[in-house]
1. Does the stretch 3-53 classify as rounded, prolate or oblate by the C-alpha gyration tensor (a ≥ b ≥ c root eigenvalues; a/c under 1.5 gives rounded; else a/b over b/c gives prolate, otherwise oblate)?
2. Could you give the distance between the Cα centres of the stretch 16-91 and the stretch 150-215, to the whole Å?
3. Suppose only helical runs count, i.e. DSSP H with n ≥ 4. What mean residue ellipticity at 222 nm does that imply for the chain under -39500 (n - 2.57) per run, divided by all residues and rounded to the nearest 500 deg cm²/dmol?
4. Accessible area of the chain with a 1.4 Å probe: how many percent of it is carbon plus sulfur?
5. For a quick check of your reading of the filter: which GluC sites (Glu not before Pro) in the stretch 1-100 sit in a DSSP loop and have no more than 14 other Cβ atoms within 10 Å?
6. What relative contact order, as a whole-number percentage, does the chain give when Cα pairs under 8 Å and 6 or more residues apart are counted?
7. Ordering HIS181, HIS126 by how much accessible area each has at a 1.4 Å probe, largest first, what is the list?
8. On a 21 Å Cα-Cα criterion, which of the cross-link pairs LYS5/LYS60; LYS60/LYS130; LYS130/LYS232 come out too long?
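The values are calculated or read from the model by the stated rules, or taken from the named source; none is laboratory data. As the structure is a computational prediction, the values presented were derived from the model and not from experiment. Here the Cβ positions follow ideal geometry from the backbone for every residue, glycine too, while neighbour counts run over all protein chains shown. What goes into the accessible areas is simple: the full protein's heavy atoms, side chains included, and nothing from ligands, DNA or RNA. Shrake-Rupley method; radii C 1.70, N 1.55, O 1.52, S 1.80 Å.
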Amino acid sequence: MRIQKYISLCGAASRRAAEKLIAEGRVSLNGSPVTEPGVDVGEGDEVSLDGRVLVPPEEKVYILYNKPRCVMTTMSDDRGRRTVAEAFADLPVRVVPVGRLDYMTEGLLLMTNDGELTQKLTHPSHGVDKHYAALVDRAVAPEDVETLRRGVMLDGRVTSPAQAEAHPAGGGRCVVTISIHEGRNRQVRRMLESLGYGVDALRRTGVGRLTLEGVPVGRWRYLTDEEIAYLKSL
Ligand code: URA
C-alpha cells in the first residue's frame, strides 16, 4: 500500500496531510527518510513520523470455535483448569470469547478482538437465537416440551418463549433441542432441571444461522466475510 495511505490508516494524518509530511522530510521507512509520496509499504515495514514508529490498527479477527467440555470460557483460571485462551495462544492478536459457555458445555463459541461486536452480541437486549441440544436422563413429556416453549420460572422471572423439541435417544434418554435468545446464567440446564430432568450433556449447536458444521470438537475456523457481515447486521 502507498505510504500516505498507510500513514492515514494509522490515524496519524489524512492522506493529503501525509503527503505534506513526506515532502517536509518528516517520514521515514525502515529508518531511511522518504521524500516522495507513492512509495510502497509492505508486510514488516516500519514507518516513522518525526522519529516515532506508527502502529497500524489491529486487524479484526472473527473465529468460530467448537469448545470442548472441561474448558473454561475465560482467559485464565486461578484453579488451573484449561481455558479457551490455550487454543488461541499462537494467534498474533488476542481474541476473547463472545459470551460464555459453561465449563461442562461444549459447542459453538465465537471468539474475536472486535469489542464493538462482542458488546452488541452479548447485550441483554440482543435477540440472536442460540441453539442447543441437551441429552437428558429420561423421556420428556409433551406437556414439558410445551412448558419449555412457553417459559419456565427462573429467579422469579419467566423465560422468554423458546423453540423446543424432544427426540427419543437410546437407553430411555432423550435429546431436547432448544433455541433461546436470552443468555441467563446456565439457562438451558436450569430450564430442564426446573422440570425435574437431569442434563447428562449439553452442546451449543448454533448461533443465529452459524453452525458447527465441519468443525470438530476442539477445532476452530475463521468466519467468512459473509458471516462477519451477517453478525454485524443482526
Ligand atoms: N445454557 C446452559 O445451561 N449452559 C450454557 O453453557 C449455555 C446455555
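1. The shape class here is rounded.
2. 40 Å
3. -6000 deg cm²/dmol
4. So the carbon and sulfur contribution to the accessible surface is 49 percent.
5. GLU24, GLU43, GLU46, GLU58, GLU59
6. Normalised by residue count, the contact order of the chain is 19 percent.
7. Reading off the accessible areas and sorting them downward yields HIS181, HIS126.
8. Details: LYS5/LYS60 19 Å; LYS60/LYS130 23 Å; LYS130/LYS232 16 Å.
In this structure, LYS60/LYS130 lie more than 21 Å apart at Cα.
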